[in-house]
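Take a look at the structure set out below.
Derivation of every value follows stated rules applied to the coordinates shown; laboratory data play no part. These numbers come from a predicted model, not from an experiment. Backbone-built Cβ (ideal geometry, glycine too); neighbour counts: all protein chains shown.
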Amino acid sequence: MKRFLLGFALALFVACGDDESSFAPRDDEPTSSSWSSEGTIGSSSSAKSSSSSAKSSSSAKSSSSVTPKSSSSETSVSSSSAKSSSSSAKSSSSAKSSSSVTQQSSSSEYVPFDHTVTLGEMRDEYKKFTDERNGRTYYYLTIRGKNSKGKPDSVTVMAENLNVGTMIFYDDDQANDSKIERYCYDDDTTNCDRYGALYQWAEMMQLPSECNTKSCADLIQPNHQGICPDGWRLLTQEDFYIVINADGNTHGIAGVRSSYGFNGFNSTGYSLVGAGYVWDRRLKNINVATYWYYPEEGNEGYVEKYALAIGVNDTDTGAMVFSQLKTHGLSVRCTKLEE
């Protein structure tokens, strides 16, 4: 049962404004900056494109529990195989000891969301991967472009947001260090199926929950795995630089957004959706905006309660990078380790 009836935020985001309707930080947060389609950091304002209206997509809830497993498997979607070129080391972060995974579906009539509708046109590039902790299957692909040094590079990334863990209500912290906890938009697990789940920073990192209120920089590992499946790691700034500077992407951040409900061209295949977020204990902007954390603490000295995050709105031509409170609930993307 939903605990709250929520309205949808229909206001367009701009680079500055109050914390109710914009990507700009609150008064006690550092100033944001804009990442242009060339991947450079510049001023916080960027040109806007035509807007799309927010849509609702909630259906029946669930309730079956699945015991997580340690292994994972892959299957090919087409004859062409995506190549992995992300970094090879695995995360050794000693975080939460186990994950309890709950998939809910209180109605036998609920049909799982067809994630193919959010994908780009590069169908031959996509492959499928199954996270055996909960049986969830994800599309992924290798994106080739240029890195921050201007050299050809590639990264293999999920084309969907991660969805794993036990749902809790968004007004509670993800503070149980013995399992993975997740937020679902509107406290509806079908939204987690469609858009992916939302996580606080320490939960995403699989670090003790106290790391949301203090610096845990010494626990951040190279190729930090966090809550990603084995063989995968958390998406980094450099990974996303390659994504947004993908070969053939002439649309900037719009080439990263899905054409399904998020006003994009998706020429990169990254298939970003408007997953909304939990902000100051309130759910905001489904189909209008999305945020995700990087596995880094905040910049400009904001390291105790802040982590580096990026925000994308359905009309922006650039992405905004800034320090954000670790207790907000944001999306998670994973990168495949090089084999």
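Could I have the simple spin-label model distance between GLU121 and GLN237, label points 7 Å from Cα toward Cβ, reported in nm to one decimal?
3.4 nm
I'd like to compare 331-337, 198-204, 249-255: which one has the highest average count of other Cβ atoms within 10 Å, and what's the full order after that?
Highest-to-lowest ranking by the protection proxy: 198-204, 331-337, 249-255.
In the structure shown, do any of LYS146/LYS305; LYS284/LYS305; LYS127/LYS326; LYS179/LYS326; LYS149/LYS336; LYS127/LYS149 have a Cα-Cα gap over 23 Å, and if so which?
Check vs 23 Å cut-off fails for LYS146/LYS305; LYS127/LYS326; LYS127/LYS149.
With labels modelled as points extended 7 Å from the Cα through the Cβ direction, what inter-label distance (nm, one decimal) is found for LYS149 paired with ALA217?
A separation of 2.4 nm, rounded to one decimal place.
Where in the stretch 316-330 does the amide nitrogen come within less than 19 Å of the point 7 Å from the Cα of THR250, taken along Cα to Cβ?
The answer is 317-318, whose backbone nitrogens lie closer than 19 Å to the label point.
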